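Data block below; observations after.
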Amino acid sequence: MSGRGLVIGGFALVVLIWGTTWAAIRIGLQGVPPFAGVAVRFTIAGALLLVLAHAAGVRLGRGRHEKALWVANGVLTFCLSYSIVYWSEQYIPSGLAAVLFATYPLFVAALAHPLLADERLTARAALGLVVGFTGVAVIFSDDLALLGGEQVRHAAFIMLGSPLVSALATVAIKRWGTGVHPLSLSAVPMLFTGVVMGVVAAVFERGRPLVLDGRSVGSLLYLAVLGSAVTFTVYYWLLARVTATRLALTSYLIPIVALAIGAALFDEPIRPRLLAGSALILAGVVIVSRQR
């Protein structure tokens with residue numbers, strides 16, 4: 001397969017798997033508390049990738065800035081971003097969570113402008129940011145309580161913190177992660193997250209019921225192996241080959257998959273303003289990406 005074919009295949013794999021993880025998270029939350037779910041998911045994924053790195057002869061921690069990137073990526077991409085996602089999905093539909101995370105490319109574009117010399121914003125990209133965040137405003141102008149209860153609006157606002165911190169990590173890796181192996185950027189930060197979030201879960205989720213039935217265990221394994229170990233390795237492999245903003249385009253197809261699955265599996269309502277806001281967010285992402 002040609003290099004271009006591998007890139008396209010990697011994009012497709014990431015979109016399809018991550019498009020289903022939003023529903024898998026919701027299924028897992030029926031038996032496992034959010035912080036414990038994050039801890040177990042990334043402990044399994046990190047351990048698998050560490051074994052793979054050893055088998056492949058990848059030398060960890062030898063590159064410039066590599067250890068600093070481990071901490072930054074662990075804290076931002078995994079600890080903070082996924083804790084926000086898991087906590088928010090207790091209250092908001094999985095499709096809405098995916099749509100709000102679709103603002104990630106907009107945050108990447110805004111942050112890349114001052115930090116990445118070859119990814120400056122143009123007037124067209126600035127227009128895309130305005131269009132995309134107008135979509136967010138349209139979604140929040142709806143009565144979000146109709147999507148699942150009074151806490152939905154509050155949780156939806158908090159959910160926006162997840163794409164923001166993930167964008168910070170992506171730009172940092174793009175700027176300082178040249179030459180660092182994708183397995184290094186995934187394995188060690190994931191194990192770091194497993195330890196940190198395990199402590200957080202022990203402190204804040206003590207006494208909460210833990211139900212390890214077939215659904216919750218299956219969800220954890222799917223999220224750990226396919227939704228984390230496989231996809232993040234592919235994602236960082238892609239990040240070394242395309243611009244950060246173009247790679248963020250995966251977020252423009254993922255919410256479409258997530259909305260469809262959420263409606264099919266959980267009968268999540270798709271209200272007119274959610275659709276209109278989603279369309280504006282995705283239009284903004286397209287505008288931002290096409291100028292590059």
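Residue-wise HN-Hα couplings along the range 99-113, as the Karplus relation 6.51 cos²θ - 1.76 cosθ + 1.60 with θ = phi - 60° gives them from phi, are 5, 5, 5, 5, 6, 3, x, 5, 5, 4, 4, 5, 7, 5, 4 Hz; Gly and Pro carry x. Computed about its Cα centre, the charge dipole of the range 3-290 is approximately 860 debye, with only Lys, Arg, Asp and Glu carrying charge at their Cβ. The fraction of all Cα pairs in the range 3-290 landing in successive 5 Å bins from 0 to the largest distance is 1, 6, 12, 17, 20, 17, 14, 8, 4, 1, 0, given as whole percents. Mean residue ellipticity, 222 nm, helices only, the chain: the sum of -39500 (n - 2.57) across DSSP H runs of n ≥ 4, divided by residue count and rounded to 500, is -23000 deg cm²/dmol. Looking at Gly179, Phe107, Val200, which one has the Cα that reaches farthest to the positive end of the dipole of the chain (charges on Cβ: Lys, Arg +1; Asp, Glu -1)? It is Gly179.
Mind running the shape call on the range 1-79? Use the C-alpha gyration tensor, a ≥ b ≥ c as the square roots of the eigenvalues: rounded below 1.5 for a/c, prolate if a/b tops b/c, oblate otherwise. Here the range 1-79 falls in the oblate category. Length gained on full extension, Ala260 to Val195: 20.0 nm, using 0.36 nm per residue less the C-alpha separation.
The trypsin sites (Lys or Arg not before Pro) of the range 73-169 that DSSP puts in a loop, and whose beta carbon has at most 13 other beta carbons within 10 Å, are Arg120. Here the relative contact order of the chain, from alpha carbon pairs under 8 Å that lie six or more residues apart, stands at 42 percent. Using only side-chain charges placed at the Cβ, +1 for Lys and Arg and -1 for Asp and Glu, the dipole size of the range 32-132 relative to its Cα centre rounds to 300 debye.
Taking every Cα-Cα distance in the range 161-262 and sorting them into 10 Å bins starting at zero, the pair-distance distribution P(r) comes out as 12, 35, 36, 16, 2 percent. Ranking Gly9, Leu160, Tyr86 by how far each Cα lies toward the positive end of the dipole of the chain (charges on Cβ) leaves Gly9 at the top.
Charges on Cβ only, +1 for Lys and Arg, -1 for Asp and Glu, centred on the Cα centroid of the chain; of Leu52, Leu220, Val285, which one is farthest towards the dipole's positive end? The residue sitting most towards the positive pole is Leu52. Annotation for the range 114-160 versus the range 15-45: alpha-carbon center distance of 23 Å. Give, as ranges by residue number, the residues of the range 121-151 whose backbone N falls under 19 Å from the point 7 Å along Cα→Cβ of Leu275. Of the residues in the range 121-151, 135-148 have backbone N under 19 Å from the label point off Leu275.
Only the coordinates and a few stated rules stand behind these numbers; no lab work does. Remember, predicted model here, so these are calculated numbers, not experimental data. Here the Cβ is made from the backbone with ideal geometry for all residues, glycine too, and neighbour counts use every protein chain on show.
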